[in-house]
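Enquirer: Right, I'll just put the structure down here and ask away after.
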Amino acid sequence: LDAQTAMGKAPAGIARLAKAHGKPVIAFCGTVSEGAEACHDVGIDAYFPILRRVGTLEEALDTVNAAVNLKATAEQVFRAIQACKFLS
């Protein structure tokens, strides 16, 4: 996710559509690069990189590794959402 994402890549289009229907948007991505905060301007409320350690490109693109990383990151994000429900 980077500044170019906000310039019309698929996540930005999905975020705009979600916002048109009043839905929050959480993005999961491999990594976050400089300028990614521009994605907030197109409707992505929060974004989270899924890479959990430094590795090779091949490791990052491996579908098994990607699935494990996405699952682990998503679990932590939704645990945080659940924890915030106790604050209200």
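The values are calculated or read from the model by the stated rules, or taken from the named source; none is laboratory data. None of the values given here were measured: they were computed from a predicted structure. Here the Cβ is made from the backbone with ideal geometry for all residues, glycine too, and neighbour counts use every protein chain on show. For accessibility, only protein heavy atoms count, side chains too; no ligands or nucleic acids. Shrake-Rupley method; radii C 1.70, N 1.55, O 1.52, S 1.80 Å.
Enquirer: Among 50, 38, 13, which residue has its Cα furthest toward the positive end of the charge dipole of region 1-51, with +1 on Lys/Arg Cβ and -1 on Asp/Glu Cβ?
Expert: The residue sitting most towards the positive pole is 13.
Enquirer: To continue, here is another question. In whole Å, what are the Cα extents of region 20-88 along the three principal axes, biggest one first?
Expert: That works out to 41, 28, 21 Å along the principal axes.
Enquirer: Excluding the sites themselves, what is the longest stretch of the chain that contains no trypsin sites (Lys or Arg not before Pro) in a DSSP loop with at most 13 other C-beta atoms within 10 Å?
Expert: That gives 1-51 as the longest site-free run.
Enquirer: Of the candidates 20, 72, 46, which one comes out as most mobile in a Gaussian network treatment of the chain with C-alpha springs shorter than 10 Å?
Expert: 20
Enquirer: Once amide H atoms are built 1.01 Å from N in the peptide plane, which residues 5 or more positions from residue 27, or in another chain, come under 5 Å H to H?
Expert: Those lying under 5 Å, H to H, from residue 27 are 46, 47, 48.
Enquirer: To continue, here is another question. Tell me, what is the per residue accessible area of region 5-51 in Å², probe radius 1.4 Å?
Expert: 60 Å²
Enquirer: Under 5 Å between amide hydrogens, which residues at least 5 positions from residue 62 or on another chain qualify, with H placed 1.01 Å from N in the peptide plane?
Expert: none
Enquirer: Given R₀ = 30 Å, FRET efficiency for residue 61-residue 86 by Cβ-Cβ distance, to 0.05?
Expert: Using R0 = 30 Å, I get an efficiency of 0.20.
Enquirer: Quick check: at a probe of 1.4 Å, how many percent of the accessible area of the chain sits on carbon and sulfur atoms?
Expert: Roughly 62 percent of what the probe reaches on the chain is carbon or sulfur.
Enquirer: Gaussian network model of the chain, Cα springs within a sub-10 Å range: biggest mean-square fluctuation belongs to which of 13, 30, 22?
Expert: 22
Enquirer: How large is the charge dipole for the chain, taken about the Cα centre, if only the Cβ atoms of Lys, Arg (+1) and Asp, Glu (-1) carry charge, to the nearest 20 debye?
Expert: 420 debye
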